[in-house]
Each structure stands twice: as structure tokens, then as C-alpha cells.
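Just below is one structure, and these are the notes that go with it.
No value in this document is a laboratory result; all are computed from the given coordinates. For clarity, every value in this text was computed on a predicted model and none was experimentally measured. Cβ atoms come from the backbone with ideal geometry, glycine included; neighbour counts cover every protein chain shown.
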Amino acid sequence: MISHIDHIVLTVSDIEYSVNFYRRVLMMEETTFANGRKALKFGNQKINLQLLGQEPRNNAQIGSGDVCLITSWPLKEVLLHLEKEQVEIVEGPVEKSGAMGAIESVYFLDPDRNLIEISVYR
């Protein structure tokens, strides 16, 4: 029935600050949609950003997100890039289980303390 994820939504405290972080740290592309809302595109997916209370249909909280992103880079290059961007690693590299098998992951927090996992399949 379900074939893939189209987008996810993260609740953040400052849209522009978050856009700049994801563009700089994860090299995502900023895009604008529906009434000026912001999103970050990568591959065939995107992360929509919303402010607290912007979406009345859910009970989202700032910093409650937990996202795993697969990279095409070797994990050592990811670590060097994160260090260059002064992003603190909170865990990793560690072995984890992804949707299609074993992955190696590093974890860090975005400006709102959403947990971001960058992974490679072994």
C-alpha cells in the first residue's frame, strides 16, 4: 500500500535559522511552497518546516523530531564536514538497523534539538 515517504515536517522555533542550518550542514536546497512556507529538498523528498502552533491538526512540539537520512558520502567525509561546520556529534559512528538492513550512523542535534541521524548502508 505505501511505497515511500514524500516529506516529513519538523516544528522549529525559527524558520530562517533552520533553513540556513540545513542548507549549510546538510547541503539541502531551500524551496518555498503554499503561502510562503519553507521546505528543504534533497533527492525526491523534502522536509517541511513549521512554527509551533502553525499546524492545528497535530500536537507537534519544537525539537521532537528524530530523522534518519541516508548519505551517498563515505561516513568519514560526513564526519569531516560536520566537524568543519562545528556540529557536535552526540553519538557515533555506531551500527544500527535501517529499513533495508545494517547501517552505520552518526547523530547530532539541529538548532531546535531535533535528533538527526546520518547513515550509510554497509
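Listed values for the range 52-65 are Karplus-derived 3J(HN,Hα) couplings in whole Hz (6.51 cos²θ - 1.76 cosθ + 1.60, θ = phi - 60°), namely 4, x, 5, 10, x, 7, 10, 10, 4, 10, 4, x, 9, x, and x replaces Gly and Pro. Counting 0.36 nm for each residue step from Asn59 to Leu80 and taking away their Cα separation leaves a gain of 4.0 nm. The gain in end-to-end length when the Cys68 to Glu91 segment is fully stretched comes to 7.0 nm, 0.36 nm per residue minus the alpha carbon separation.
Residue by residue, the range 23-36 carries 3J(HN,Hα) couplings of 5, 6, 7, 10, 6, 7, 9, 6, 9, 10, 9, 4, 6, x Hz when phi is fed to the Karplus relation 6.51 cos²θ - 1.76 cosθ + 1.60 (θ = phi - 60°); x denotes Gly or Pro.
To make sure I understand, if each residue's beta carbon is the centre and we count other beta carbons within 10 Å, what order do Phe33, Phe21 fall in, fewest to most? The partial results should precede the final answer.
On the way: Phe33 11, Phe21 20.
Taking fewest neighbouring Cβ atoms as first place, the list is Phe33, Phe21.
Result for the chain in a Gaussian network model with C-alpha springs under 10 Å: among Leu69, Leu109, Leu49, the largest mean-square fluctuation is at Leu69.
For the range 7-121, the calculated P(r), taken from all Cα-Cα distances in 5 Å bins from zero up to the bin holding the longest distance, is 2, 11, 22, 24, 20, 12, 7, 2, 0 percent. For the range 73-79, the Karplus equation 6.51 cos²θ - 1.76 cosθ + 1.60, evaluated at θ = phi - 60°, returns couplings of 7, x, 4, 4, 5, 4, 4 Hz by residue, with Gly and Pro reported as x. Each label point was placed 7 Å from the Cα along the Cα-to-Cβ direction; for Ser3 and Glu104 their separation is 3.3 nm.
Straight-distance candidates among the lysines for linking to Lys96, with alpha-carbon spacing under 19 Å and chain neighbours fewer than 8 residues away dropped: Lys76.
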